[in-house]
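For reference, the structure discussed in these notes is given below.
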Amino acid sequence: MTKLKWGMIGGGEGSQIGPAHRLGALADGRFELAAGALDHRPEEGRAYARSLGIAPDRAYGDWTEMLAGERDRPDRVDLVTVATPNATHYEITKAFLEAGFHVLCEKPMTMTVEEGAEILRVARAANRVCAVNYCYSAYPMVRQARAMVQAGELGRIRLVVTSFSHGHHGNAADADNPRVRWRYDPAMAGVSGQFADCGIHALHMASFVCDDEVETLSADFASTIAGRVLEDDAMVNFRMTRGTVGRLWTSSVAIGRQHGFELQVFGETGGLRWASEQPNQLHYTPLGGRSQVIEKGEPGLHADAQRLSRVAIAHPEGFPLAVANIYCDLAD
């Protein structure tokens with residue numbers, strides 16, 4: 001099998017998401033890391049790219065240099081991952097799509113609805129894939145939940161409840177930590193803090209598993225720590241196109257919660273529950289029946305869950321392999 005060539009923008013040394021992308025993209029031998037502009041500091045980015053095995057002439061100082069360097073190469077990269085601060089996603093993603101590259105962009109894809117619509121238009125005009133890294137949707141048991149909903153095993157979906165709430169930004173004294181500070185700075189994060197960081201995963205998960213889209217909503221956003229311009233807590237109520245009622249809570253000040261990403265789906269004939277901290281298990285209760293635990297890797301799973309189950313039953317599959325599953329989807 002010929003490996004697809006992959007390039008990365010952002011995700012440099014010390015970043016939170018960069019290692020997950022590199023582990024994920026390279027896990028199955030479908031991609032090779034061929035090019036990168038990994039840091040906003042050009043020389044540090046070039047040096048780190050070389051340390052990862054990228055050839056010196058493809059270790060770029062910034063994304064514009066990478067676009068110019070890759071555009072006309074006969075062996076140019078097939079897929080570009082954009083893992084930079086939110087405010088830069090639109091410009092970079094649009095430029096690479098227009099140049100004919102496939103793109104995987106970190107969430108949120110853009111800062112505004114209008115920018116998102118333009119990215120969609122450009123991707124369609126260029127006939128290129130533009131994916132967003134909602135990686136939790138690639139856990140095998142999330143795929144199992146979606147397949148069960150699509151197969152009608154829960155009947156009509158009445159209610160979906162989801163949360164992505166943790167307490168890791170709950171220390172007001174941590175305000176100058178660069179990993180924390182940018183998330184609440186409109187110049188870098190955009191119009192939203194915690195929701196654009198975590199709540200958007202919960203909203204996507206509800207839509208993905210229910211195979212439906214949000215039609216109307218109401219929301220309450222709050223900044224509970226003084227000095228934060230953007231929200232660190234939000235509650236959203238919504239209705240979906242087929243009448244499903246939705247409830248979503250996201251927070252970064254819920255001290256005591258660790259990851260805190262959960263989904264519950266309630267239909268006419270059954271209910272499901274999945275939590276990211278126990279990702280190998282899907283809890284299912286049929287109407288009038290006993291609750292049961294469906295395990296990753298067990299016989300009888302739906303095809304998409306089987307396809308993305310990598311190791312034997314009872315062995316954990318973690319976050320980097322969920323990211324790897326996104327890269328498998330893109331490679332396919």
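Asp212 meets each of the listed conditions (1) over 21 Å from Gly155 (Cα atoms); (2) open to solvent by less than 40 Å² (accessible area, probe 1.4 Å); (3) of a type in the set (D, E, K, R) apart from (1). Of the conditions (1) over 17 Å from Leu104 (Cα atoms); (2) without any contact (Cβ under 8 Å) to a residue 24 or more places away in the chain, Leu52 satisfies every one except a single condition; which number is it? For Leu52, the failing item is (2). Against the criterion of being within 17 Å of Lys3 (Cα to Cα), over 20 Å from the mean Cα position of the chain (by Cα) and open to solvent by 20 Å² or more (accessible area, probe 1.4 Å), Gly29 qualifies. Ala125 fulfils the conditions (1) not assigned by the TED database to the domain that holds Gly10; (2) not in a loop (DSSP other than H, G, I, E, B) except for a single criterion, (1).
Quick check, is Ala206 open to solvent by less than 10 Å² (accessible area, probe 1.4 Å) and either outside the structural domain of Pro85 (by the TED database) or touching an Asp or Glu at 6+ places or on another chain (Cβ under 7 Å) (or both)? Yes.
Which one of these is open to solvent by 50 Å² or more (accessible area, probe 1.4 Å) and either within 29 Å of His201 (Cα to Cα) or assigned to a helix (DSSP H, G or I) (or both): Glu70, Glu65? Going through Glu70, Glu65 in turn, the sole match is Glu65. Scanning the stretch 26-52 for residues being touching an Asp or Glu at 6+ places or on another chain (Cβ under 9 Å) and either under 25 Å from Trp182 (Cβ atoms) or not in a helix (DSSP H, G or I) (or both) gives a total of 16.
Whenever a residue of the stretch 55-67 is under 15 Å from Gly100 (Cα atoms), its partners that are hydroxyl-bearing (Ser, Thr, Tyr), lying with C-beta atoms within less than 7 angstrom and at least six residues away or across chains, give the pairs Met66/Tyr60.
One line per residue, one yes/no per condition, for (1) exposed (fewer than 15 other Cβ atoms within 10 Å of the Cβ); (2) on the phi < 0 side of the Ramachandran plot:
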site	(1), (2)
Thr2	yes, yes
Gly11	no, no
Ser15	no, yes
Ala20	no, yes
Ala25	no, yes
Leu33	no, yes
Tyr48	no, yes
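Results for (1) touching an Asp or Glu at 6+ places or on another chain (Cβ under 7 Å); (2) over 30 Å from Ile255 (Cβ atoms); (3) open to solvent by 40 Å² or more (accessible area, probe 1.4 Å); (4) not in a loop (DSSP other than H, G, I, E, B), shown as yes or no for each residue.
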position	(1), (2), (3), (4)
Arg76	yes, yes, yes, no
Tyr90	yes, yes, yes, yes
Ala95	no, yes, no, yes
Thr110	no, yes, no, no
Glu118	no, yes, yes, yes
Ala131	no, yes, no, yes
Tyr136	no, no, no, yes
Ala147	yes, yes, no, yes
His168	no, no, yes, no
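A single member of Leu282, Leu272, Leu321 is in a helix (DSSP H, G or I) and either surrounded by fewer than 19 Cβ atoms within 10 Å (Cβ to Cβ) or of a type outside the set (Val, Ile, Thr) (or both), and it is Leu321. Residues that are open to solvent by 20 Å² or more (accessible area, probe 1.4 Å) and either in a helix (DSSP H, G or I) or modelled with pLDDT under 90 (or both) within the stretch 170-184 comprise Ala172, Ala173, Asp174, Ala175, Asp176, Asn177, Pro178, Arg179, Arg181, Trp182, Arg183, listed in sequence order.
Among residues of the stretch 220-233 that are under 16 Å from Ile200 (Cα atoms), those with a beta-carbon under 9 Å from a residue that is open to solvent by 80 Å² or more (accessible area, probe 1.4 Å) and modelled with pLDDT under 95 at least six positions away or on a different chain give the pairs Leu230/Val191. Each residue in the stretch 55-78 was checked for being within 25 Å of the chain's Cα centre (by Cα) and either farther than 21 Å from His89 by Cα or of a type in the set (A, V, I, L, M) (or both), and 3 pass.
The values are calculated or read from the model by the stated rules, or taken from the named source; none is laboratory data. As the structure is a prediction and not an experimental result, all values here were calculated from the model. Reconstructed Cβ throughout: ideal geometry from the backbone, glycine too, with neighbour counts over all protein chains shown. Keep in mind that these areas ignore ligands, DNA and RNA; they rest on the heavy atoms of the full protein, side chains included. Shrake-Rupley method; radii C 1.70, N 1.55, O 1.52, S 1.80 Å.
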